[in-house]
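**Q** The structure follows.
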Amino acid sequence: MVDLCSIRKVQTAIRAFEAELKAETGLSLNDAIVLCAASKGMEDAASLARELDLSPSRLTRILDSLVARGLVSRAESPDDRRSISVTLTARGSRLVAEYRETDIEVPAELARAAKKNKA
């Protein structure tokens, strides 16, 4: 059984976390997640979209924003011209390293939900 009130608290906690993330780094949660995935070697845009459960159009908008800020570069894949390859720029790599060890406090509701998912 799911406690719908708890889900609302988690949703509110995620919004609060994202607001603090945005204030500290200038990144939305989706921006940060895409950068993190790219830093772990995920370069194929279609794979990124699937792995992160983002629609291709949503990923395109996120990538457009990250490219405009000089955090990633996008190019035709050398193996398949129909595919797009995404790589972090030096600036993007530095930003990932900075926020990977962030001091942003995780709201209690979100921390509890994350612990339940590990079990």
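**Q** Any idea what % of Cα-Cα pairs in the chain are farther than 20 Å? Don't skip to the answer; put the middle values down first.
**A** Numbers: 3455 of 7021 pairs.
Result: 49 percent of Cα pairs exceed 20 Å.
**Q** Under a point spin-label approximation (7 Å from Cα along Cα-to-Cβ), what is the Ala108-Cys36 distance to one decimal in nm?
**A** Going from the Ala108 label point to the Cys36 one covers 2.3 nm.
**Q** With N residues in segment 7-73, what two-decimal value do you get for its Cα radius of gyration over 2.2 N^0.38 Å? If you can, show how the numbers build up before the last one.
**A** Working: Rg = 12.6 Å, N = 67, 2.2 N^0.38 = 10.9 Å.
Output field value: 1.15.
**Q** Please state the charge dipole magnitude for segment 4-118, taken about the Cα centre, from unit charges on C-beta atoms (+1 on K and R, -1 on D and E), reported in debye and rounded to the nearest 20.
**A** Values: 19 positive and 17 negative charges, 76 e Å.
Around 360 debye, computed over segment 4-118.
**Q** At 0.36 nm per residue, minus the direct Cα-Cα distance, what do Thr89 and Ala16 gain on full extension? Give it in nm, one decimal, please. Don't skip to the answer; put the middle values down first.
**A** Values: separation 73, 0.36 × 73 = 26.28 nm, distance 2.83 nm.
Here the segment from Thr89 to Ala16 would lengthen by 23.4 nm.
**Q** Turning to a different aspect of this structure: Determine the calculated [θ] at 222 nm for the chain from helices alone, applying -39500 (n - 2.57) to every DSSP H run no shorter than 4 residues and normalising by the residue count; nearest 500 deg cm²/dmol.
**A** On the way: 6 runs with 76 residues, N = 119.
Computed ellipticity for the chain at 222 nm equals -20000 deg cm²/dmol.
**Q** Just to check I understand the Karplus step: with θ = phi - 60° and J = 6.51 cos²θ - 1.76 cosθ + 1.60, what whole-Hz values come out for segment 13-29, glycine and proline as x?
**A** Karplus-based 3J(HN,Hα) across segment 13-29 equals 5, 5, 4, 5, 4, 5, 4, 5, 4, 5, 5, 7, 10, x, 9, 6, 4 Hz.
**Q** What distance in nm lies between label points placed 7 Å from Cα along the C-beta direction at Cys5 and Arg74?
**A** Calculated label separation equals 4.4 nm.
**Q** Okay, next question. From the phi angles alone, apply the Karplus equation (6.51, -1.76, 1.60; θ = phi - 60°) to segment 70-79 and give each ³J(HN,Hα) in whole Hz, x where the residue is Gly or Pro.
**A** Using θ = phi - 60°, the values come out as x, 9, 9, 10, 10, 8, 4, 5, x, 8 Hz.
**Q** Count charges around Asp64 for me, please; just the other residues with Cβ under 14 Å from its Cβ, Lys/Arg as +1, Asp/Glu as -1.
**A** Values: positive: Arg58, Arg61, Arg69, Arg74; negative: Asp31.
In short, +3.
Only the coordinates and a few stated rules stand behind these numbers; no lab work does. Note that the structure is a prediction, hence the values are computed from the model and not measured. Methodologically, a virtual Cβ is constructed for each residue, glycine included, from the backbone with ideal geometry; neighbour enumeration extends over all protein chains shown.
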